[in-house]
Structure formats: C-alpha cells, structure tokens
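*Asks:* Pasting in a structure now, in structure tokens, and then I'll have a few things to ask.
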Amino acid sequence: MLFYKYQKAGNLDFSMLRQGEVYFASAGELNDASECRPRFILKGSEELWQRLTQFILEHACFGSDYFQLDKKDEIHQILNLSVTIGRLLKKQAKNKDFGIESLGSAFRNALKSCGSEKLSPFLLHMTEHLTSNFIQEGLPQILLDEKYIASFALNATNPTMWGHYADAERGFVRVFGSEDGKVKVLSDINILRGTRPSKMGVADVTEIGIYKDEILALERVKYGKEVPKVNAFHRLIHRFSYTEAEDHYDVPLNLGGDAEKKKEHLVGLVKYSGWRYEKEVRAFFPAYDSLLPEVRTLRIGMENIKGLVFGPKMSLENRARAVLGCHLMKHSRASEIGAEYEFAFFEAQQAVDKFDFAIRPVGILSGQYFGRYLPLKPLSELDKTTISRLNAFAGQISGRE
C-alpha cells in the first residue's frame, strides 16, 4: 500500500524531510477539537461500584488538608460508607450504560441517603463538597489516556488536502509504502515500547521492553457522528485499593471481567464524518506515559520512504530545497539502504476540466551534488525500464492502478 504526508514548504517541514521524520501529535495539537474524545460510561458489577465509591471517598479524605492524622475516626466513618453507597449506585445504574456525566449528582444523592445518619451534618457537608470536586475535576484527569498520533492519507490527489495541508498547492507530498500495512519507526533513545523474540533463544517466548525501533501498524480512521463509548471502569480498576491477599490472587486482573468491554480500541480512530475526504490512516506512538514534544519526532524506516510529489505551485527554490533535503537524508542514512534503493520525484499537475490532479514522474534521486547541479536525474537521462517503472508508480499514486 502507498500512503502519503501532505506538508507545507516551511523550514520545519524541510528539516523533517531531511531526517526522514514524522511528528506524533497529541490530541490537543491536532486540528479537530474532538480528537480522541470518548463517551465515558460506567457499567459493571456491584463490587466495582463499591470499589469506585471507596476510590472517590479515599481521594476526598486523603487529598484534603482538612483530614489530618488526628481525624482517623472521621476518615473511618466516611470510608465505611463505601459498601452501602456503592450498592445504591449500582441499583440506580442497573445494567445500563451509566453516563459518567451523571455520576456527580448520583453520588451526592447516595451520600446524603447513606450518610445522613452516620455522619455529623458538618462532616456530611464537607464530604459532599470534596467528593463533588474530585468527580468534577480530578476524575476526568485520571481517566485521560494521552495518545500520540502520526497521520497519513491514502490519497495524494485530493484538492482539499492540497489546500489545507500543503499551503494551497505550494507544498509537497511525501510518498511512503508498505507491503504489510506497517511502518518502521526509529528513535535516538530507548523510548519505544514493544516486544521482541526472547534473547535466551527459547522458542515461543517473547520479551517486553523499551527500544530504539519498533514496527507500527497503520490503522484506518472510521468516520461517523458518534464518539466511541468507553467503560471507565477499565481505566480505573488498576487504581483501586487492594489488600495484599487480593493482589496475590490477581483480583485486579479478574475484576476486568466484571466490566463490559465497549469501544476502547476505537478511541483515536473515529472522526466526524465531515473529515471523510481525508481518507486517513494513523500510527500510534508506542508509549503509555505523557511525553514532551521533543521525543515524539521519529524517523521512518528507509524501506518505507519511496518518493516525493512537488505541488503544482511549489516554487523552483523550494523544489531545489526538497531535492537537496532528500539527498542529505539518503546520505545520512546510507547504512539503512542497499544499492538498489530508489527515491522517485513526481509533480502534481492540475487537471484542465475537473478538480483533480495528474501525477507526472520527474526523475530519481542521484548520488551527486555539485553546487547548482541538483542530485536529481531527470527522465531524459534514464533508461526505458526505469521510465516505465516510474510511470507505473505515478499511476499508482494517481489511483489509476
């Protein structure tokens, strides 16, 4: 498969071209305000509701300056409400998808019902205030699952894409290819989580670690009008409190079966239907921690880097910069490529009678650069076999094959 990256002709874009890099953006850095937005619901067993209640009450007690060590009795009174409040919440939720936006009011009502006879009026009021603040402000931060995304398109001839992402046709499109729907990425430091066959040489044994390289799947974006539902219990179970015995008998792992799976796997892969024209595929940075931007720029494997398409309105100077950037990339990463490696250049030409582009081959990257003479071997200097191969490649990019 071929996939593409539309880019402007800016200094940062040329720098990334020169290194063969792509940037993995956080949801907040993308141009859709609804990126990676799930619809959180709660659906689980009574035990999960009781543990959630305990989790909320613990944060209210231990996250407040009011509850100091000398208030152990009051803390004990509050935490003892976990079972009855959790049971009441489960009864209200029944076996339906309970929207987390309703948790605050439901929890307040359950707390008043169960705590009015157990707590003093002041303690009940204080607990209500603290739990409401945590549910409204603290819980959303805990549920946040940061994803870092590199976006590509499956179409290199879309006029809207050229307009939005390639500076109104003054930019360029990078051409990538994959035989198996995956792409290799590389970092200068060990930061990519992944798996490898065991170094011990034991068959069917896999090690888990953090590496400088990884193979990532390219996943197609789905388009629709509904955000994917996520059962929030699955993001909270590992944060609940457990006794040593419960940990020993893998209670946290087993509790996952008490919460129905929803569409967690689609978070980051569903966009509003109005974006359908992008025909997007995505790779996700293999990390489970918050990362600063400096480490989220990764090199693409040279085996996946195939060529570049000049925009119809790209200036001669910027074309020259692009060619030279590709030349520097090839030489700086020569150890990754063989003698048969070929990097092709194309140009997009506006169709005369419709809003479309034709893709015409220009030449291939050569090994020599002498000042004014760019390292680009034009079609006029290529043999018939190479020209035929480039024409066929141009047909693939155009979508004719």
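The values are calculated or read from the model by the stated rules, or taken from the named source; none is laboratory data. Computed from a prediction, not measured in an experiment: that's the story for all the values here. Note: ideal-geometry Cβ built from the backbone for every residue, glycine included; neighbour counts use all protein chains shown. Quick note on the areas: whole protein, heavy atoms, side chains included, nothing else; ligands and nucleic acids left out. Shrake-Rupley method; radii C 1.70, N 1.55, O 1.52, S 1.80 Å.
*Asks:* Hey, how many Å between the Cα centroid of segment 190-260 and the Cα centroid of segment 357-399?
*Replies:* Measuring centre to centre over Cα atoms gives 45 Å.
*Asks:* Which residue, ARG296, ARG174, ARG276, has the most motion in a Gaussian network model of the chain that connects Cα atoms within less than 10 Å?
*Replies:* Looking only at ARG296, ARG174, ARG276, the biggest GNM fluctuation is shown by ARG276.
*Asks:* A further question on this structure: Answer rounded, prolate or oblate for segment 156-295, using the Cα gyration tensor with square roots of eigenvalues a ≥ b ≥ c: rounded when a/c is under 1.5, else prolate when a/b is larger than b/c, else oblate. Write out the running numbers ahead of the final one.
*Replies:* Working: a/c = 2.55, a/b = 1.48, b/c = 1.72.
It is oblate, given that a/c is not under 1.5 and a/b is not larger than b/c.
*Asks:* Calculate log10 I(q)/I(0) of segment 353-401 for q = 0.27 Å⁻¹, where I(q) comes from the Debye formula with a single equal point scatterer on each Cα and nothing for solvent.
*Replies:* -0.98
*Asks:* Relative contact order for segment 87-232: what percent, with Cα pairs under 8 Å and sequence separation of 6 or more? Before the final figure, lay out the partial values.
*Replies:* Numbers: 85 pairs, mean separation 20.9, N = 146.
The value is 14 percent.
*Asks:* Give the aspartates and glutamates reachable from LYS43 as a straight Cα distance under 15 Å; neighbours fewer than 8 places away on the same chain don't count.
*Replies:* Partners within reach: ASP97, GLU101, ASP258, GLU260, GLU264.
*Asks:* Can you tell me which aspartates and glutamates have their Cα less than 17 Å from the Cα of LYS212? Leave out same-chain residues fewer than eight positions away.
*Replies:* Qualifying aspartates and glutamates at Cα under 17 Å: GLU21, ASP188, ASP289, GLU294, GLU303, GLU336.
*Asks:* Please report the equivalent ellipsoid semi-axes of segment 97-231, computed as sqrt(5 x eigenvalue) of the Cα gyration tensor, largest first, in whole Å.
*Replies:* They are 47, 27, 14 Å, listed largest first.
*Asks:* So for segment 180-295: antiparallel DSSP bridges make up what percent, rounded to the nearest 5?
*Replies:* Details: 13 of 16 bridges.
Given both bridge residues lie in segment 180-295, the antiparallel proportion sits at roughly 80 percent.
*Asks:* Please work out, to two decimal places, the log10 of the ratio I(q)/I(0) at q = 0.07, 0.08 Å⁻¹ from a Debye calculation in which every Cα of the chain carries one identical scatterer.
*Replies:* -0.48, -0.59
*Asks:* I would also like to ask the following. May I ask for the angle, rounded to the nearest 10°, between helix 316-332 and the longest principal axis of the chain, with both axes built from Cα atoms and the value confined to 0 to 90°?
*Replies:* 70 degrees
*Asks:* Got a sec to turn the phi values of segment 106-123 into Karplus ³J(HN,Hα) couplings, 6.51 cos²θ - 1.76 cosθ + 1.60 with θ = phi - 60°, whole Hz, x for Gly and Pro?
*Replies:* Values per residue, Gly and Pro as x: 5, 5, 4, 5, 5, 5, 5, 5, 8, x, 4, 9, 9, 10, 5, x, 5, 5 Hz.
*Asks:* Still on this structure, please answer the following. Just to be sure I understand the model, the point goes 7 Å from the Cα along the line to the Cβ. What's the resulting LYS71 to VAL251 distance in nm?
*Replies:* Going from the LYS71 label point to the VAL251 one covers 2.7 nm.
*Asks:* So, one more: Going Cα to Cα from LYS71, which lysines come in below 25 Å? Please leave out same-chain ones fewer than 8 positions away.
*Replies:* Partners within reach: LYS112, LYS118.
*Asks:* Report the paramagnetic label zone for LYS222: residues of segment 20-43 whose backbone N is under 19 Å from a point 7 Å from Cα along the Cα-to-Cβ axis.
*Replies:* In segment 20-43, the label zone of LYS222 (backbone N under 19 Å from the point 7 Å along Cα→Cβ) covers 34-42.
*Asks:* Can you list residues from other chains, or at least 5 along the same chain, whose modelled amide H is less than 5 Å from the amide H of ILE364?
*Replies:* Placed amide hydrogens put PHE345, LYS377 under 5 Å from ILE364.
*Asks:* Using a 1.4 angstrom probe with every protein chain in place, what is the largest-first accessible-area order of ARG170, ARG235, ARG220? Could you put the intermediate results ahead of the total?
*Replies:* Numbers: ARG170 110, ARG235 25, ARG220 160 Å².
Final ranking, largest accessible area leading: ARG220, ARG170, ARG235.
*Asks:* Turning to a different aspect of this structure: So for the chain: antiparallel DSSP bridges make up what percent, rounded to the nearest 5? Display every interim value, and only then the final one.
*Replies:* Values: 50 of 60 bridges.
Given both bridge residues lie in the chain, the antiparallel proportion sits at roughly 85 percent.
*Asks:* For the pairs LYS147/LYS184; LYS229/LYS261; LYS199/LYS330; LYS5/LYS313; LYS96/LYS229; LYS182/LYS222, note any where the Cα-Cα span goes beyond 20 Å. Each step should come with its number before you reach the end.
*Replies:* Details: LYS147/LYS184 18 Å; LYS229/LYS261 9 Å; LYS199/LYS330 32 Å; LYS5/LYS313 17 Å; LYS96/LYS229 13 Å; LYS182/LYS222 18 Å.
The answer is LYS199/LYS330.
*Asks:* Using amide H atoms built in the peptide plane, which far-off residues or other-chain residues are under 5 Å from TYR223 H to H?
*Replies:* LYS271
*Asks:* Please list, ordered by chain and number, the residues whose modelled amide H lies under 5 Å from the amide H of LYS306; skip anything fewer than 5 residues away on the same chain.
*Replies:* The answer is VAL175, PHE176, GLY177.
*Asks:* Quick check on segment 280-401: of the DSSP beta bridges with both residues there, what percent are antiparallel, nearest 5%?
*Replies:* Details: 11 of 15 bridges.
Of those bridges, close to 75 percent are antiparallel.
*Asks:* I would also like to ask the following. In what sequence, highest mean first, do 346-355, 5-14 appear when ranked by Cβ atoms within 10 angstrom?
*Replies:* On the way: 346-355: 13.8, 5-14: 18.0.
Ranking, from highest mean packing down: 5-14, 346-355.
*Asks:* Another question, then. For segment 1-137, what does the relative contact order come out to in percent, with C-alpha contacts under 8 Å and a separation of six or more? List each step's numbers first, then the result.
*Replies:* On the way: 94 pairs, mean separation 39.1, N = 137.
Answer for segment 1-137 is 29 percent.
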